[in-house]
Amino acid sequence: MVGWFHSSTSSQVPILLAMAILVFKHSELTGIERLGETLRDYGHPFREVALHEGDPVPPDLDDVSAIISCGGPQSVHRDPPDWLQAEMALIRSAADRAIPVLGLCLGCQILAKALGGEVGPLEEPMELGWHEVQLNHLGREDPLFAGQPWTSMQIQWHGDQVTKLPDGARVLATSPRGVQAWASGLRSYGLQYHPEASAQTLHAWALDEPDQVERAGLTIDELESQSQLHYPNFQRLSQRLFESIALCLIPVDRRYAGVAKDLHH
């Protein structure tokens, strides 16, 4: 993609503009949040496509360095939204071309379905709030999880889950309720939990769905107390994960279309 740099001392000088991470949003209450801040700090531009507001799925992967599919209240298997097939088709195309793809919660399920896996409902109640996630032997050796403890507390908020991984995919982490992290090849990762979320985000979800909090046997006050206990360590460890995503999952040579630039981190 060619752009133009305007200078008062010279005529137009052609430069190549950075490719961008394509971020699929599915709700005003979910997005890349804290992950987005780290990506920006490490020189990754991104553009958001708000599918829930009617933004169209881009027709191709031109100038796309990676795809991040965020969480949301929709279901892959139950009354799927109109835009789902188009999002899955683009994700499938990205995976086929080894373009990095990261799915978060709903996005994890969309990625699995796009690559041939299956998604189904959790038994009641939803998995929400703070829950323990364990890396298996593959997860402990995966570069994306370098520096992560074998067991950690993660923010959850989902009623569906990946019930069958795509062919050739590998489980990286689990909870007692099911698969929590998985990967296909070297560039496609799904995380069922929400490393990008803040304590404030979790509180907003609880206010938005108090009935689900009650069904899970919790109160909003109890969630707040759990956040005070777990969030400081969660914040530190998730920041380390974001840096791995920025440096390892999305390689430097995909940020710019054919030009070397100085990057200051």
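The values are calculated or read from the model by the stated rules, or taken from the named source; none is laboratory data. This is a predicted model, so every value here is computed, not measured. Every residue, glycine among them, receives a Cβ derived from its backbone with ideal geometry; neighbour counts consider all protein chains shown.
Is it true that P59 is surrounded by 13 or more Cβ atoms within 10 Å (Cβ to Cβ) and modelled with pLDDT of 95 or more? Criteria not met by P59.
Residue count for region 149-187, restricted to those that are in contact with a strand residue (DSSP E or B) (Cβ under 7 Å, 6 or more places away or on another chain), within 23 Å of G116 (Cα to Cα) and assigned to a loop (DSSP other than H, G, I, E, B): 7. Answer with yes or no whether E196 is surrounded by 21 or more Cβ atoms within 10 Å (Cβ to Cβ), charged (D, E, K, R) and under 25 Å from S27 (Cα atoms). For E196, the condition - surrounded by 21 or more Cβ atoms within 10 Å (Cβ to Cβ), charged (D, E, K, R) and under 25 Å from S27 (Cα atoms) - is met.
Among the residues making up region 63-87, those that are charged (D, E, K, R) and closer than 15 Å to V49 by Cα are D63, D82, E87. Looking at region 226-234, is at least one residue under 22 Å from G72 (Cα atoms), at pLDDT 95 or above and part of a strand (DSSP E or B)? So far as region 226-234 goes, no, none of its residues is under 22 Å from G72 (Cα atoms), at pLDDT 95 or above and part of a strand (DSSP E or B).
Figure legend. Inter-residue proximity from region 104-116: first residues in contact (Cβ under 8 Å) with a residue 40 or more places away in the chain, second residues of a type in the set (D, E) and not in a loop (DSSP other than H, G, I, E, B), beta-carbon distance below 7 Å, spacing 6+ or different chains. Indicated pairs: Q109/D160; I110/E87.
Note on region 46-78: residues that are touching a residue at least 40 places away in the same chain (Cβ under 8 Å), farther than 18 Å from L241 by Cβ and of a type outside the set (D, E) total 9.
Exactly one residue out of S152, S188 is under 17 Å from the mean Cα position of the chain (by Cα), of a type in the set (S, T, N, Q) and closer than 24 Å to G36 by Cβ, and it is S188.
Just the residues that are more than 17 Å from D160 (Cβ to Cβ) and surrounded by 15 or more Cβ atoms within 10 Å (Cβ to Cβ), please, taken from region 64-82. Across region 64-82, the qualifying residues are V64, S65, A66, I67, I68. Scanning region 124-148 for residues being in a loop (DSSP other than H, G, I, E, B) and surrounded by 13 or more Cβ atoms within 10 Å (Cβ to Cβ) gives a total of 6.
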